[in-house]
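Notes for the one structure printed next.
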Amino acid sequence: DECKVSFSALGGITRNGNIIHIVPQANARGRTFPVYIKLDNKDGMIRSGMFAEATFDIGPLLSATMMLKDGVVRRGGREFIYLEVDGKVTEVTIRTGIAYKNLIQIMGEVKPGHDVVVRGNERLLDAQNVQVTGRIDPDI
């Protein structure tokens, strides 16, 4: 598959490349998937250690549920979210998938339209009473 790779250290120069391999398991800390790309570097401008940004098509995300990354709580090796219903939260275990900007794909017992706590959730406990002080537009 083809991709475009740009290097800010080179003034935003963009090169065409070919994806050789996408590691199928995410880096646990950064929630990223390493991608190996073959680039033409005959002029030697690309150096080891340079940061780059690659753009490529990852295919369709069928029925992906996306939410703000801030809504995901990671504690004790688990990933979960807090759903708010009538002033009380329920802890729901999830799995995360791909991330895009400030959004992340979530999988589990959650559906679009559920109210997910995205601020102050690090200190919550299951079945705790909460007071909703604001809502975020779900069409972010």
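What the table below lists for this structure:
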| read-out | value |
| --- | --- |
| Verdict on Lys38 being in the same structural domain as Gly12 (by TED's automatic domain parsing), assigned to a strand (DSSP E or B), over 16 Å from the mean Cα position of the chain (by Cα) and surrounded by fewer than 16 Cβ atoms within 10 Å (Cβ to Cβ) | yes |
| Unmet requirement for Met50, which otherwise passes all of (1) assigned to a loop (DSSP other than H, G, I, E, B); (2) touching a residue at least 40 places away in the same chain (Cβ under 8 Å); (3) over 18 Å from the mean Cα position of the chain (by Cα); (4) not assigned by TED's automatic domain parsing to the domain that holds Val23 | (4) |
| Selection within region 21-41 - at pLDDT 90 or above and hydrophobic (A, V, I, L, M, F, W, C) | Ile37, Leu39 |
| Flag if Arg95 is charged (D, E, K, R) and either in contact (Cβ under 8 Å) with a residue 60 or more places away in the chain or in the same structural domain as Ile13 (by TED's automatic domain parsing) (or both) | no |
| Elements of type strands (runs of 3 or more DSSP E) in region 72-140, at least 3 residues being surrounded by 10 or more Cβ atoms within 10 Å (Cβ to Cβ), at pLDDT below 90 and not aromatic (Phe, Trp, Tyr) | 88-100, 103-108 |
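The values are calculated or read from the model by the stated rules, or taken from the named source; none is laboratory data. Given the structure is predicted, the values throughout are model-derived calculations rather than measurements. Using ideal geometry, Cβ is built from the backbone for each residue, glycine included, and neighbour counts are taken over all protein chains shown.
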